[in-house]
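Quick notes on the structure that follows.
A short reminder: the numbers here are calculations on the coordinates, not readings from a lab. Everything numeric in this text was worked out from a predicted model, so none of it was measured. When we count neighbours, we look across all protein chains shown, and the Cβ atoms used for this are built from the backbone with ideal geometry, even at glycine.
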Amino acid sequence: MKPRAVIVAVSTALVAVSALATPALARPKTYVTHNCVEAKVKPRRIIFACADYGLFINHLKWRRWNHALRATGHGVYRYNDCKPDCARGTFHKRKARIVLRDRMWCPALRQLVFKHAKLRFRRPVNDERRTRFRLGCPF
C-alpha cells in the first residue's frame, strides 16, 4: 500500500471514530431542580413554590427525557388555594402533563438544568387549563 493511501485510510478512520464519540460529548445530561436545593434527572416530584411548598407536581412518570431538548411526562399537580390564607388553605389536585424545556448552566453545580416547565390539566385550575413555571438553579 502506498504511504498516501495509508494516510487517507487512517484519517478516514479517525474522522469516523471522532464522529461517533462527538454526540456523547455534545449532549451532557440535563437535570431539573426538583426540591429547591437539589437537581436530579427524572425526579418523582418537582416543587414550584419553594417558600411554602404550595405548588408542586408529584407521582411523576417520564415518557421522554431528551437531555438536549426537553422532557415530557405526567403526574398529579397539587396546589394550595390559600383560602382564607395560605397557612389554612386547602390543597387540591389535578392530573397534569408536564413539559420541561430550555436549558441553563448552573455554575455552582457545574450542570445543565431545565429552565421552563409547562403544565396542562385535564380539568381547569382556577379557570385555566395550562400554566407555566420558571425553573432555575438550586439555592
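Couple of notes before you dig in:
- Shown is the FRET efficiency for R88 and F121, computed with R0 = 30 Å from the Cβ-Cβ distance and rounded to the nearest 0.05: 0.80.
- Which listed pairs, of K95/K118; K40/K115; K61/K118; K29/K93, have C-alpha distances above 24 Å, in listed order: K29/K93
- Rg over Rh, two decimals, region 57-139 (C-alpha only, Kirkwood Rh): 1.04
- Residues R97, R88, R130, ranked from the fewest to the most other C-beta atoms within 10 Å, line up as R88, R130, R97.
- Put in line by how crowded their Cβ is, counting other Cβ atoms within 10 Å and starting with the fewest, D102, D85 read D85, D102.
- Fewest-first sequence of W65, W105 by Cβ atoms within 10 Å of each Cβ: W105, W65
- The stretch between N35 and A68 holds 9.7 nm of extra length on full extension. This uses 0.36 nm per residue minus the Cα-Cα distance.
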